[in-house]
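Down below is the structure, laid out as structure tokens.
Each reported figure results from applying straightforward, stated rules to the coordinates on display, with no laboratory input. Quantities reported herein were computed from a predicted structural model and do not represent experimental measurements. All Cβ positions, even for glycine, are placed from backbone atoms using ideal geometry, and neighbour counts span all protein chains on display.
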Amino acid sequence: MRIGAHIWIGKGLVSAVETASRLGCNCFQIFVQNPRSWKRTKREDAEVMNFIREAKKQNLSPVVAHMPYILNLASPDKKIVKMSQNLLEYEMMECERLKIGYYVIHPGSHKGAGVEAGIKILTENLKPFINSEVKILLENTAGQGNTVGGRWEEFEYIFERYGKKIGLCLDTAHSFQAGYDIREKDILYEMIDIIKKVSYPGSIFIIHSNDSPSPRGSHLDRHQHIGKGYLGEETFELLIRDEYLGTLPFIIETPKEDIEMDRRNLDILREIGKRYKRI
């Protein structure tokens, strides 16, 4: 079983690898650059090679990249779309340099144009990137505001167009906040069946393992430490003991208070994994 965390890169890529290793991770996620800036980070080849070497040395796989918060590929605003595509092109190229296999994308906001329009805009704007060496994973959202991707059925149009060229990242907190009571085994399995129908079997590649500080159906995109929110440790036990979900990488994106809280969250997942012989 692969268990990891989102690691900040403020002190450099190699430092992020070292942090992941200290936490006992065997996979991890990063931002390629400042997630709130349109500015490109200039990265020397030596740093890239050191990152690849150290990640391999520490048996960290997969390494996952997460899109910057500012990208919006579902926007009807052509200027925003062009800026988003330009930055995404750079980020995908950096991922190829860094030998990162997966790139997680939030579907974006339709800005009032409607979900159907937003999905069609997103689908068209993904076209230049789907044949990359880096596999794009669409992450489900909490369904807040004008975002798309709060209901799994909304992804069907995209998969009809691109099939297995893209995949999914399942966020536990977002699922719950969007209205799916994944604390209940039957509802969790119903949700997985929906995902299979709108995409393909095996379309989930990563699980963002976050508890929720807000109740089911709140549509508030917030994360909480595992066992400290409405989902509870029992929900993650349901996920890990499942024959399909329990084989996927679990990556926490819990509040960054200090490294010990990351360690605590990871330890909970590891203990559950050991209980069900995933580790």
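Which residue, chosen from Tyr69, Met92, Val115, occupies the Cα position most advanced towards the positive end of the dipole of the stretch 28-253, where the dipole is computed from +1 (Lys, Arg) and -1 (Asp, Glu) charges on Cβ about the Cα centre?
Value computed over the given set: Met92.
Within a Cβ distance under 10 Å of Pro107, other residues only, what is the Lys/Arg minus Asp/Glu net charge?
Around Pro107, the charge tally is -2.
Give me a comma-separated list of calculated 3J(HN,Hα) values for the stretch 25-42, in order, Karplus coefficients 6.51, -1.76, 1.60 applied at θ = phi - 60°, integers in Hz, x for any Gly or Pro.
Computed from phi, the couplings for the stretch 25-42 are 6, 10, 7, 6, 10, 9, 8, 5, 7, 3, x, 10, 10, 7, 6, 7, 8, 8 Hz.
With +1 on the Cβ of every Lys and Arg and -1 on the Cβ of every Asp and Glu, and nothing else charged, how large is the dipole of the chain about its Cα centre, in debye rounded to the nearest 20?
Charge dipole, the chain, about its Cα centre: 700 debye, nearest 20.
Determine the dipole magnitude for the stretch 109-257: charges of +1 sit on the beta-carbon of Lys and Arg, -1 on that of Asp and Glu, nothing else is charged, the reference point is the Cα centre, and the result goes in debye to the nearest 20.
The calculated dipole for the stretch 109-257 is roughly 480 debye.
How about Lys274: which lysines have a C-alpha closer than 22 Å to its C-alpha, ignoring those fewer than 8 places off in the same chain?
Qualifying lysines at Cα under 22 Å: Lys185, Lys228.
Placing +1 at every Lys and Arg Cβ and -1 at every Asp and Glu Cβ, with all other atoms neutral, what dipole size does the stretch 160-218 have around its Cα centre, in debye to the nearest 20?
320 debye
Pull out the extension gain between Glu234 and Lys165, defined as 0.36 nm times the separation in residues minus the alpha carbon to alpha carbon distance; nm, one decimal.
Computed gain between Glu234 and Lys165 is 21.5 nm.
Where does the chain land on the Kirkwood hydrodynamic radius, alpha-carbon pairs, in angstrom?
Hydrodynamic radius (Kirkwood, Cα pairs) of the chain is 18.9 Å.
Students often check this: by mean Cβ neighbours within 10 Å, which of 183-193, 235-245 ranks highest, and how do the rest follow?
Going by the mean number of other Cβ atoms within 10 Å, highest first, we get 235-245, 183-193.
Between Arg263, Arg36, Arg222, where does the largest GNM mean-square fluctuation fall for the chain, given springs only between Cα atoms within less than 10 Å?
Sorting by GNM fluctuation, first place goes to Arg36.
Shape of the stretch 5-121 from its Cα gyration tensor (a ≥ b ≥ c, root eigenvalues): rounded if a/c is under 1.5, otherwise prolate when a/b > b/c, or oblate?
It is prolate, given that a/c is not under 1.5 and a/b is the larger ratio.
What share of Cα pairs, in percent, lie more than 15 angstrom apart in the stretch 131-238?
Across the stretch 131-238, Cα pairs with separations above 15 Å total 61 percent.
Between Lys256 and Arg275, what is 0.36 nm times their sequence separation minus the Cα-Cα distance? Round to one decimal in nm.
4.1 nm
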